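FYI, it's all coordinate maths here, none of it is from the lab. All of these numbers come straight from a predicted model, not from anything done at the bench. Cβ sites come from the backbone with ideal geometry, for glycine too, and all protein chains shown count toward neighbours.
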Amino acid sequence: MTFEDLKPGDILLCPPTPFPEGWIGQAIILLTGGKVSHTAMYCGEKGGEPRIAHSDLRGIYSMPLKDFLDESPGCYLMRLKDQADLLPVLHAIDSYADKGNPYPVMNFGVLGLLIIGNRLAKDTLRNRAFYDFTMLVGLKIIQEINKHKYKGKHAMTCSQFASQCFTDAGALYDIQFDKLILGFGGVNSIDDRASLLDYIMYDNSNGLPLPDEEDTHAVPANEDQIISNFMGLMRNDSNDITAPEYVEEHELSKAALKLLIALCEAITGVKPSSPGEALDLISSNRNYFVTPDDLLMNAANLEELGYFDKSILA
């Protein structure tokens, strides 16, 4: 590869450096069973030098590509298919980098426990019911941490940051996953496990009206079922554990809109004036659970263009 192969909006996925310096990255790939541990977004040339933006323990910020590659053994280059204009993605990158959103150190423990639970459990309906409930509780914990520890700022890991930038850019840019590493069991279509907030993004939500104020505390149907399955599990009644039910898409979008407004107000303390504003303030549930290896292996609309190291700048 040459430097000319890079385009603004590209995703860079890096394997960890060897022990002992790269022990955190090595622990990540041990948990995920993959081969990359860090994600960055290529921003193009600014001020006469190529730059990237990423999230690490210091938060989300921009830095020269040269300095980034000096600290990395190399990167896989991933690009969104069939989209030449990534300006909306770049706007999202710059917005988060300018704000300096924090890194979710406290959330990382929740994600690690979920990954361990996922890898240790056999793929059975009973285990799936337990894991779904654990994941729901984990999400609620993450949201409470964001509200109190990070004061409503959207704290993101490196892969969450990359995925969220594409989500913020709109439905044409949102990354489509065949499965997620944190999805329970084998191949797991995102359509089977999409959160309600995912649906609103695919439905041109900015054109939808806000729900009536008294309806903003709707409980999502999928949460009801997750809890119902878990209660059936606790009663040791396998007949109460069911596969996910499907809801008509227009009904799901309506419920998603209500949930979006309620969650936004609960997490950030701000009642949004439009669905678009709400999406700017909080992320989809799904993006909380995206890992670097999901972007490398499980994203249907990303293509891998090659591997490079710092010699690309020579």
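Annotations
- Taking the number of Cβ atoms within 10 Å of each Cβ as an exposure proxy, the fewest-first ranking of 290, 36 is 36, 290.
- Percent breakdown of C-alpha pair distances by 10 Å bin, ordered from the shortest bin, for the stretch 76-151: 15, 28, 27, 26, 3
- Taking Lys and Arg as +1 and Asp and Glu as -1, the other residues whose beta-carbon sits under 12 Å from that of residue 161 total -1.
- Whole-angstrom gap from the stretch 126-157 to the stretch 1-66, using each part's C-alpha centre: 25 Å
- The stretch 30-159: C-alpha gyration tensor shape, a/c 1.5 cut-off, then a/b vs b/c: prolate
- Packing-based exposure ordering (other Cβ within 10 Å, fewest first) of 41, 156, 135, 1: 1, 135, 156, 41
- Cut-off 13 Å between beta-carbons: net charge of the residues surrounding residue 5, Lys and Arg +1, Asp and Glu -1: -2
- Panel order for 180, 80, 125, by other beta carbons found within 10 Å of each beta carbon, from fewest to most: 125, 180, 80.
- Total lysine pairs under 19 Å (Cα atoms) in the stretch 46-186, excluding pairs fewer than 8 apart on one chain: 11
- Near residue 65, once Lys and Arg are set to +1 and Asp and Glu to -1 for all other residues with Cβ below 14 Å from its Cβ, the sum equals -4.
- Computed E for residue 67/residue 125 - FRET, C-beta separation, R0 51 angstrom, nearest 0.05: 0.55
- A straight chain from residue 116 to residue 303 at 0.36 nm per residue would run longer than the Cα-Cα distance by 64.5 nm.
- Stretching the chain fully between residue 2 and residue 81 yields a gain of 26.5 nm (0.36 nm per residue, less the alpha carbon separation).
- Only Cα pairs under 8 Å and 6+ residues apart enter the sum, and on that basis the relative contact order of the stretch 1-135 stands at 24 percent.
- Kirkwood-Stokes translational diffusion coefficient of the stretch 60-101, alpha-carbon pairs, 25 °C, 0.890 mPa s, µm²/s: 199 µm²/s
- Long-range amide H partners of residue 44 with built H, under 5 Å: 9, 51
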